Amino acid sequence: MQEKYQPQEVELAAQAHWQKTGAARAVEDADKPKYYCLSMFPYPSGKFHMGHVRNYTIGDVLSRFYRMQGFNVLQPMGWDAFGMPAENAAIQNGAPPAEWTYSNIEYMKGQLQRLGFALDWERELATCRPDYYRWEQWLFTRLFEKGLVYKRFGTVNWDPVDQTVLANEQVIDGRGWRSGALVEKREIPMYYMKITAYAEELLAGLDRLPGWPEQVKLMQKNWIGKSEGVRFAFPYEIDGKAEKLWVFTTRADTIMGVTFVAVAAEHPLAAHAAKTNPELAAFIEECKQGGVAEADLATMEKKGLPTGIFVTHPLSGEKIEVWVGNYVLMGYGDGAVMAVPAHDERDFAFAKKYGLPIVQSVGATIDGKEQVFSTDAWQEWYASKDSYCVNSGKYTGLAYQQAVDAIAADLAALGLGGKKVQFRLRDWGISRQRYWGCPIPIIHCDSCGDVPVPDEQLPVVLPENVSVTGAGSPLAKMPAFHECVCPKCGRPARREIDTMDTFVESSWYFLRFCCPDNDRAMVDERVAHWCRGGIDQYIGGIEHAILHLLYSRFWTKLMRDCGLFGEERLDEPFANLLTQGMVVAPTFYREDAEGRKTWINPAEVELSTDERGRPVAARLRADGQPVSIGGIEKMSKSKNNGVDPQALIDQYGADTARLFIMFASPPDQSLEWSDAGVEGAYRFLKRLWRIVFEHVSVGIAPAFAGGELPDGLKTFRRQLHQTIGKVADDYGRRRQFNTAIAAVMELLNAYARLNDDSAPARAIRQEALEAVTLMLYPIVPHLCEALYAELRPGHAAGEQAFPRADAGALARDEIELVVQVNGKLRGSIKVPTGADEGAIGAAAVASEAAQRQLQGGAPKKVIVVPGRLVNIVI
RNA sequence: GCCCGGGUGAUGAAAUCGGUAGACAUAGCGGACUUAAAAUCCGCAGCCGCAAGGCGUACGGGUUCGAUUCCCGUCCCGGGCACCA
């Protein structure tokens, strides 16, 4: 055995060994329980960042752990290869997006292999390959025929200078990121997937996902946003015709407090009023400015203008004026809302601003005191549902629910509405006016309309050799692509040039991993094998909590309802979900005279600290001059605070990178980068190597096989087996890897203090080191593979069963209990393991610490918590 | 603005079901080894206090024998908001 730990050598040898033995190959095997361990596949942006390394390390640790637990593990990897960055790169450097993407994939695959992840590369897929997306197109045509895909107008960001549609990300402060032009809203035809048809099931299904974090389920629940309320109409007359203005409300009990109605700028009523009202027309035009992102809409100043059109209150018969409000969204419900300024905070502010009437219609009694309403300032209780109607005619006195029931019944009797369940969830618009995506398989025919591409003509292949300019899709300029004949009537027709949202590819890739080689079907019976009961573990960033995870759940249900899973009823794709936190790092910058910041990478900065280790100043290594210290933020290109995993691997090896990442914080919390921490991880691996080296150089011994031990060795062996139990629990149940590592470190600290070279001690050392290398194997597999082969020549760590705690080693005959007086720690006592509560309490009261506090008096109460403490109340 | 998280030593963190706050590590300080340095090993260390003791888990309240943990309110930081992936 070599004396010095040489990570590069050790790692390449281990990787060669795994490759030779096909250790990561997953073959369907009915004799073993399966474990499908999936990490979110990456976008091939060029090179990996630390977030990826963290994600895939967690997946690899679990994969290796479950393999040692006897499972048949599938851990696949692929590429989410369509997307905007490839087009942006193409605009910058002229290379076609396909070429850029494929070369990134090649480089990044090498990085993953160098990190030693046990991935089954025979199942690799890339979503930009026709053999992948043809099935997406195929399913799209099925859904189109079933009416689950439909076409309607949708609102997009339009850059009037570049003449192109912009993503929300490309709209910065209301302007196009390249042109700087003010962005406008524009209505264009788009294809939608009817996710709302599955709203109820997507909501109810959350309750059947015990392996998901509560946080994620709650976010999805609120996103779907089921609310029970009343949809009703305000009748009105226009050009002599009777019409109805529909609204939805969850506060029908406040209906007698309605003082105006607000409609969206795009509402037909607004357009009608604008015809004769230039001021209103100008306002509607103004509302078109800016992007479509909800965060922007919700934070902008609330503005409105009256239309001069009046509708009739359905219950009071009063005339109510219709306003146009920039805060009313056409995409939600009916694009109109009833306004009750007295009982809705936003309506209150709006009414105050424009001098509209505020009429109280519900009251509340808090702590027996009837609350007094005043229009001077908003008060919390105005919007409370713990209320009763006032000034509300026949409804006066009714509590919230009674009032809603009575009002809904009366509206229904008038034929003007009734109770309704409403979802916040909207249908999923999947059309993208971009080139680098999966072509939408539709042909537009002047006589037959929108015709899906027949199966035998699939896939609609995306031409790869194109030049991208940023102004419109290159496909529009390629007659060879878009000129075609109608599959129905045979006349000349146009092929759709929009592509699909890239969320579509990522909504089913995990199913295709089961059967990537099938060229005759989208999925086959191997899906049932690997996905039975759901994918056993899915790991990815918390930023995907809603969209990706909701769309994937939806697509799985679509595929199920298209009969693609046969007898197997796969309702939910992911049985267990682990959402990892972000990787963050300190930021450093310099400011020029105009206040523009230049961000400096932490690797180029030298930190100086005071005598207690607090950072006080930072300077640039290159020139020795000071730089400013910024906050700790998510690693990003814009803040230049990313740490390149490759540099880390080159310097310390993959195992150090893996250990640091798993030790620095629990997986679901954010992880702060620290060079010193990396150094510490490396030091620990060197120490482990040296400990094994010292043991092996004396000569390996047979591991301890039972028998009596002196106290010191007995205590150490108890700690060893406690550690084994804890580590298995941390890996398998708690998913808390940092504490598993800490427990092994503690064990090794105790090992170093053993100071005993007797024959029994050597046997215990052998037992401990074998267990330690197996326990750490999932995290630092290369190193442990090498060390285990030294401890047990001819055996591979990865092929061993995970160690089991020996119950006999855990037994003890005396335990220590804490003695508290009035909840404060005052001392401790030792009692026999099986002592009863009365005896323990008496021993605690008799203890010196308790007597000092009691000063001869008697305790008021003695609380014994078995195995923990005794609290004496005096 | 709305929804969801988080806030504990100088730093990353631990405390698993309401029961010893700060395990393990980093940085720091001291010592051993060394001609010296690096590496390595050993020790110290929440804050105040000589000590006894007191205080301490963002802040203010509450429940409890006992609260980092549960409840109410406030502040700050982060994620998502439907065309970034």
(request) Any chance you could give the angle, 0 to 90 degrees and rounded to 10, that helix A:278-287 forms with the longest Cα principal axis of chain A? (result) 20 degrees
(request) Can you tell me the FRET efficiency between residue A:483 and residue A:122 if r is taken as the Cβ-Cβ distance and R0 is 51 Å, rounded to the nearest 0.05? (result) 0.85
(message) Can you compute 3J(HN,Hα) from phi for each residue in segment A:41-54, using the Karplus curve 6.51 cos²θ - 1.76 cosθ + 1.60 with θ = phi - 60°, rounded to whole Hz and x for Gly and Pro?
(response) 6, x, 7, x, 7, x, 8, 6, 10, 4, x, 5, 4, 5
(request) Provide the gained length on full extension for the span residue A:650 to residue A:207, in nm with one decimal, where the gain is 0.36 nm per separating residue minus the Cα-Cα distance. (result) 154.9 nm
(message) On a full-extension model of 0.36 nm per residue, what is the gain between residue A:851 and residue A:447, subtracting their alpha-carbon distance, rounded to one decimal in nm?
(response) 135.6 nm
(request) Kindly rank A:795-803, A:112-120 from highest to lowest mean number of other beta carbons found within 10 Å of each residue. (result) A:112-120, A:795-803
(message) Angle check, please: helix A:759-776 long axis (alpha carbons) against the longest principal axis of chain A (alpha carbons), in degrees 0 to 90, nearest 10.
(response) 20 degrees
(request) Could you provide, to the nearest whole Å², the per residue accessible area of segment A:50-94 with probe 1.4 Å? (result) 22 Å²
(request) With r as the distance between the Cβ atoms of residue A:687 and residue A:714 and R0 = 25 Å, compute the FRET efficiency 1/(1 + (r/R0)^6) and round to 0.05. (result) 0.50
(request) Give the percent of DSSP beta bridges with both residues in chain A that are antiparallel, rounded to the nearest 5. (result) 80 percent
(message) Below 8 Å, C-alpha to C-alpha, sequence gap of six or more: please give me the relative contact order for segment A:42-189 in percent.
(response) 20 percent
(message) How large is the accessible surface of residue A:790 in square angstrom, using a 1.4 angstrom probe and rounding to the nearest 10?
(response) 60 Å²
(message) Could you check the spin-label model distance between residue A:833 and residue A:3? Points 7 Å from the Cα along Cα→Cβ, value in nm.
(response) 4.5 nm
(message) Need the C-alpha centroid separation for segment A:534-587 versus segment A:842-874, integer Å.
(response) 53 Å
(request) Apply 1/(1 + (r/R0)^6) to the Cβ-Cβ distance of residue A:456 and residue A:99, taking R0 = 30 Å, and write down the FRET efficiency to the nearest 0.05. (result) 0.50
(message) With angles folded into 0 to 90 degrees, how steeply does helix A:781-791 sit against the dominant principal axis of chain A? Use alpha carbons for both and round to 10.
(response) 20 degrees
(message) Here is the link list: A:221/A:288; A:597/A:639; A:385/A:420; A:824/A:860. Which ones come out longer than 20 Å on Cα distance?
(response) A:221/A:288
(message) Give me the 1.4 Å probe accessible area per residue for segment A:771-874, excluding ligands and nucleic acids, in Å².
(response) 52 Å²
(request) Take peptides A:773-785, A:320-332, A:562-574 and line them up by average Cβ neighbours within 10 Å, highest first, as a rough protection proxy. (result) A:773-785, A:320-332, A:562-574
(message) Under a crude label model (7 Å from the Cα following the beta-carbon direction), how far is residue A:244 from residue A:378 in nanometres?
(response) 3.2 nm
(request) Over chain A, with every protein chain in place, what whole percent of the accessible area is carbon and sulfur at 1.4 Å, could you tell me? (result) 50 percent
(request) Search the structure for amide H atoms under 5 Å from the amide H of residue A:358, placed 1.01 Å from N in the peptide plane, and list their residues when 5 or more places away or on another chain. (result) none
(request) Round to a whole angstrom and tell me the spacing of the C-alpha centers of segment A:177-213 and segment A:665-744. (result) 46 Å
(message) Given the -39500 (n - 2.57) contribution per DSSP H run of 4+ residues, what per-residue ellipticity at 222 nm results for chain A, rounded to the nearest 500 deg cm²/dmol?
(response) -10500 deg cm²/dmol
(request) Would you please give the residues with an amide H less than 5 Å from that of residue A:429, counting only those at least 5 places away or on a separate chain, with H modeled from the backbone geometry? (result) A:193
(request) With a 10 Å radius around each residue's Cβ, average the other Cβ atoms per peptide and rank A:641-648, A:702-709, highest first. (result) A:641-648, A:702-709
(request) Return the distance in nm (one decimal) between the two label points of a simple spin-label model at residue A:758 and residue A:319, each offset 7 Å from Cα along Cα→Cβ. (result) 10.5 nm
(message) With every protein chain kept in place and ligands, DNA and RNA left out, what is the accessible area per residue of segment A:336-471? Probe 1.4 Å, answer in Å².
(response) 47 Å²
(request) Using a 1.4 Å probe and ignoring any ligands, DNA or RNA, find the accessible area of residue A:309 and quote it in Å² to the nearest 10. (result) 30 Å²
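The values are calculated or read from the model by the stated rules, or taken from the named source; none is laboratory data. None of these values were measured; they are calculated from a predicted model. Virtual Cβ from ideal backbone geometry, glycine too; neighbours counted across all protein chains shown. Heavy atoms of the whole protein, side chains included, go into the accessibility calculation; ligands, DNA and RNA do not. Shrake-Rupley method; radii C 1.70, N 1.55, O 1.52, S 1.80 Å.
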